[in-house]
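Take a look at this one; I'll ask things after.
The values are calculated or read from the model by the stated rules, or taken from the named source; none is laboratory data. Not measured: the values here are computed from a predicted model. Neighbour counts are summed over all protein chains in view; Cβ atoms, including those assigned to glycine, are modelled from backbone coordinates with ideal geometry.
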Amino acid sequence: MSPLETFIQQLINGLVIGMIYALIALGYTMVYGIIQLINFAHGEIFITGAFIGLAVFGALPGALGLGNLWALVLMFALAMAGCGLLGVLIERVAYRPLRKSPRLACLITAIGVSFILQNVLMLIWGPVDKSFPVFFKHSALTFGAFRVTFMQSFIVISSLVMMLVLHFFIRRTMLGKALRAASEDMTAARLMGINVERIISVCFLIGSALGGAGGLMYGMYYNTITFHDGYLAGIKAFTAAVLGGIGNVPGAMLGGVALGMMEGLGAGYLSSEWKNVFAFLILIILLLRWPSGILGKFRHE
Amino acid sequence: MRLKVKNLHISYGKIEVLKGISLEISQGKITALVGANGAGKSTALMAISGILPLKEGSMEFDGKTLERIRPDEITASGVVQVPEGRRVFRRLTVFENLQLGAFLRRNDHTVKEDIERVFTLFPILSKRKSQEAGTLSGGEQQMLAIARALMARPKILLLDEPSLGLAPLVVEKIFDVLLKIQSEGVGILLVEQNARWALEVASWAYVIETGRIVLEGPGSQLLMNDRVRSAYLGE
Ligand SMILES: Nc1ncnc2c1ncn2[C@@H]1O[C@H](COP(=O)(O)OP(=O)(O)OP(=O)(O)O)[C@@H](O)[C@H]1O
Ligand SMILES: [Mg+2]
């Protein structure tokens, strides 16, 4: 491979993982956008998506084996539904009672929920690595020197579709407009007859469902998962959300892709052992230098 | 139809800000609420709208009690507020702000007609409809805030200082529209710094001082009251 080709190949790899970060980052950013809470439990919520997907695959009849698109669709649908409901449930029992408490109380609760979920995941699925089946093992597209696996194109295309649907939802539907209104001024939204509690549930539902899809992709892409994987990937996705300006939905998408590409290039040119360091480095620099993100925060004046 | 508020008590933490307020607002009439800064006027409106929890007191609208009900249910019942400081959704367009005013009827085809109707009341909004509300001038934002509330088809409109910080010409325009809305049968509770105008148009007015109603009567009568003249009309 020529240097340029290597560069492009690394970019492609970075784009794939970036799309996953972006999906997960959306959960952080949507929740933050409406209740200004960093939902630490999101890491566990999205990795639950990977576990659900795996369980669904295990329960599928033989005809729906590897290489069957419907198996994938079913896994994703159930992972997203399960994570969406989990997110809504967590909000309902853990965060809603604290709505009028100081911000710190919510934050600490979120950390607590994260620990509880991590332990529940360990109890259910055990403390060891779970390996993922490889879907469509031999199908890959090659463009000259570049190779894009089926899994990679599946990840990029399906996350792109989900993000476009989300964008349409937020921009064009009345519920999406109510969501934007409530994140700008909750009281004014209430005065307009918007049931803000329901809007908050919708944010958790969508953010967690997208996270679940991202988690399942994460598991499929790296082939193995454990109960504490949500933590590391969660911090990365959170970095992506901060990169794009936390609370900013298009920002989270761009932040995810940008972080993935930086990581991809870093792993390709420096050392893949260092790739996790990049995310933390970027997070620290961002928080010190541009706490409201490169694109700026979506907030009301 | 009448909105009756009885013996309203509201506290922020341990500090009681409203110490038993009773008001009555009738459809098709303007009722004024006048008082100094910090007297508790905005607090009273937020309590009526269901944003602040009542510590004590009751509300009755159209013969039905409105107790412990959510803000969206109060809006749905026809009691709609235009809050102090306008609070339009700055990042949303003028058109979207109006759509959100009709959020409870969002699937109704009459929303479009209502938008046309508020555009005839405030033609400038029609010119600005695709602009983000944050880019509007103060007067235009106030017009939008009123128009947005009208989109909910209010029976009772609660207006918190609609003339605040606006040029006299703009204020006049807004007051004209308010009179028009009243003549169409909407009841208006008007909180105003501009006490003279409020008292002139109000069929009934209340004076609030540190959380208590200290005086009430027909607006024209309060205009002649010595206490009101010295405290609120600068005479
Ligand atoms: N969120 C709050 N927390 C604590 N105290 C508050 C809060 N909001 C208002 N207050 C206090 O309650 C009192 C009444 O405030 P309110 O805003 O209702 O007055 P107002 O009559 O509307 O005044 P203005 O004419 O300045 O708008 C004031 O003393 C104010 O400081
Ligand atoms: Mg006030």
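Regarding region A:204-220, can at least one residue be identified that is out of contact with any strand residue (DSSP E or B) (no Cβ under 9 Å at 6 or more places or on another chain) and within 14 Å of chain B (Cβ to nearest Cβ)?
Checking region A:204-220: not a single residue is out of contact with any strand residue (DSSP E or B) (no Cβ under 9 Å at 6 or more places or on another chain) and within 14 Å of chain B (Cβ to nearest Cβ).
Tell me, yes or no, whether region A:141-150 has at least one residue that is surrounded by 12 or more Cβ atoms within 10 Å (Cβ to Cβ) and among the β-branched types (Val, Ile, Thr).
Taking every residue of region A:141-150 in turn, at least one turns out to be surrounded by 12 or more Cβ atoms within 10 Å (Cβ to Cβ) and among the β-branched types (Val, Ile, Thr).
So, one more: Taking region B:19-71 on its own, how many of its residues are more than 16 Å from ligand 1 (Cβ to nearest atom) and surrounded by fewer than 21 Cβ atoms within 10 Å (Cβ to Cβ)?
Adding up the residues that qualify gives 19.
So if I check each of A:Gly234, A:Gly219, A:Gly212, A:Gly256, which one is in contact with a Cys (Cβ under 7 Å, 6 or more places away or on another chain), modelled with pLDDT of 80 or more and assigned to a helix (DSSP H, G or I)?
Going through A:Gly234, A:Gly219, A:Gly212, A:Gly256 in turn, just one is in contact with a Cys (Cβ under 7 Å, 6 or more places away or on another chain), modelled with pLDDT of 80 or more and assigned to a helix (DSSP H, G or I): A:Gly212.
Which one of these is of a type in the set (S, T, N, Q), more than 11 Å from every other protein chain (Cβ to nearest Cβ), surrounded by fewer than 16 Cβ atoms within 10 Å (Cβ to Cβ) and more than 23 Å from B:Glu73 (Cα to Cα): B:Gln141, B:Gln131?
Checking each option against the conditions leaves just B:Gln131.
Restrict the check to region A:222-230 and report whether at least one residue is modelled with pLDDT of 85 or more, surrounded by 24 or more Cβ atoms within 10 Å (Cβ to Cβ) and of a type in the set (A, V, I, L, M).
Yes: one or more hits.
Name the pairs: first residue in region B:23-47 and within 16 Å of B:Tyr12 (Cβ to Cβ), second residue within 8 Å of ligand 2 (Cβ to nearest atom) and among the charged types (D, E, K, R), Cβ to Cβ under 6 Å, at least 6 apart or on different chains?
Pairs found: B:Ser42/B:Glu84; B:Ser42/B:Asp160; B:Leu45/B:Asp160.
When you scan region A:66-83, do you find a residue that is part of a helix (DSSP H, G or I), at pLDDT 95 or above and over 23 Å from A:Gly214 (Cβ atoms), even just one?
Looking for residues that are part of a helix (DSSP H, G or I), at pLDDT 95 or above and over 23 Å from A:Gly214 (Cβ atoms), one finds none in region A:66-83, hence no.
Within region B:183-194, is even one residue farther than 28 Å from B:Glu24 by Cβ, among the hydroxyl-bearing types (Ser, Thr, Tyr) and more than 16 Å from ligand 1 (Cβ to nearest atom)?
no
Checking B:Met1 against (1) within 16 Å of ligand 1 (Cβ to nearest atom); (2) in contact with an Asp or Glu (Cβ under 6 Å, 6 or more places away or on another chain): exactly one of these is not met. Which one?
Status for B:Met1: all satisfied but (1).
Restricting attention to region A:131-188, which residues are away from chain B (no Cβ under 14 Å), more than 21 Å from A:Gly27 (Cβ to Cβ) and assigned to a helix (DSSP H, G or I)?
Residues satisfying the conditions are A:Phe150, A:Met151, A:Gln152, A:Ser153.
In this structure, does B:Leu157 turn out to be more than 16 Å from ligand 1 (Cβ to nearest atom), within 14 Å of another protein chain (Cβ to nearest Cβ) and at pLDDT 95 or above?
Yes.
Now a separate question. Which number in (1) in contact (Cβ under 8 Å) with a residue 24 or more places away in the chain; (2) part of a helix (DSSP H, G or I) marks the one condition that A:Phe227 misses?
Of the numbered conditions (1) in contact (Cβ under 8 Å) with a residue 24 or more places away in the chain; (2) part of a helix (DSSP H, G or I), the odd one out for A:Phe227 is (2).
Just to confirm my filter: which helices (runs of 4 or more DSSP H) fall fully inside region B:155-235 and include at least 1 residues that are within 16 Å of ligand 2 (Cβ to nearest atom) and small (Gly, Ala, Ser)?
Hits in region B:155-235: B:195-201.
To continue, here is another question. Under 6 Å between Cβ atoms, which residue pairs at least 6 apart in sequence (or on different chains) link something in region B:82-100 that is outside any loop (DSSP other than H, G, I, E, B) with a partner that is β-branched (Val, Ile, Thr)?
Close Cβ pairs satisfying both conditions: B:Val82/B:Ile146; B:Asn97/B:Val88; B:Leu98/B:Ile115.
Now, a different point. Any chance region B:48-64 includes a residue that's outside any strand (DSSP E or B), within 19 Å of B:Arg148 (Cα to Cα) and among the aliphatic types (A, V, I, L, M)?
Looking through region B:48-64, at least one residue is outside any strand (DSSP E or B), within 19 Å of B:Arg148 (Cα to Cα) and among the aliphatic types (A, V, I, L, M).
Continuing with the same structure: Quick one: in region B:67-81, of everything that is within 14 Å of another protein chain (Cβ to nearest Cβ) and in a loop (DSSP other than H, G, I, E, B), which residue is farthest from B:Ser137 (Cα to Cα)?
Start the filter on region B:67-81 by keeping residues that are within 14 Å of another protein chain (Cβ to nearest Cβ), which leaves B:69-81.
Now drop any that are not in a loop (DSSP other than H, G, I, E, B), which leaves B:69-70, B:78.
Values: B:Ile69: 35, B:Arg70: 32, B:Gly78: 28 Å.
Out of the qualifying residues, it is B:Ile69.
Checking the conditions here, which among B:Val171, B:Val111, B:Val186 is more than 24 Å from B:Ala47 (Cα to Cα), surrounded by 16 or more Cβ atoms within 10 Å (Cβ to Cβ) and more than 14 Å from chain A (Cβ to nearest Cβ)? Don't jump to the end; show me each part of the working.
On the way: B:Val111 fails: more than 14 Å from chain A (Cβ to nearest Cβ); B:Val186 fails: more than 24 Å from B:Ala47 (Cα to Cα).
Sole residue among the options that is more than 24 Å from B:Ala47 (Cα to Cα), surrounded by 16 or more Cβ atoms within 10 Å (Cβ to Cβ) and more than 14 Å from chain A (Cβ to nearest Cβ): B:Val171.
Step by step: first the residues of region B:1-48, then only those that are within 13 Å of ligand 2 (Cβ to nearest atom) and of a type in the set (S, T, N, Q), then the one that is farthest from the other protein chains (Cβ to nearest Cβ). Which residue is that?
Step by step, filter region B:1-48, then rank; the result is B:Asn37.
Name the residues in region B:82-108 that are within 13 Å of A:Gly193 (Cα to Cα), at the interface with chain A (Cβ under 7 Å from one of its Cβ atoms) and not charged (D, E, K, R), would you? Give the steps one after another, and end with the answer.
Keep residues of region B:82-108 that are within 13 Å of A:Gly193 (Cα to Cα), which gives B:82, B:97-106.
Imposing the further condition that a residue be at the interface with chain A (Cβ under 7 Å from one of its Cβ atoms) reduces the set to B:99-101, B:103-104, B:106.
Those that are within 13 Å of A:Gly193 (Cα to Cα), at the interface with chain A (Cβ under 7 Å from one of its Cβ atoms) and not charged (D, E, K, R): B:Gln99, B:Leu100, B:Gly101, B:Phe103, B:Leu104.
Here is a follow-up. Could you give me the residue pairs with C-beta distances under 6 Å whose first residue belongs to region B:172-194 and is closer than 26 Å to B:Ile208 by Cβ and modelled with pLDDT under 95, whose second residue is within 16 Å of ligand 1 (Cβ to nearest atom) and small (Gly, Ala, Ser) wherever it lies, and which are 6+ apart or on separate chains?
B:Glu192/B:Ala198; B:Asn194/B:Ser163
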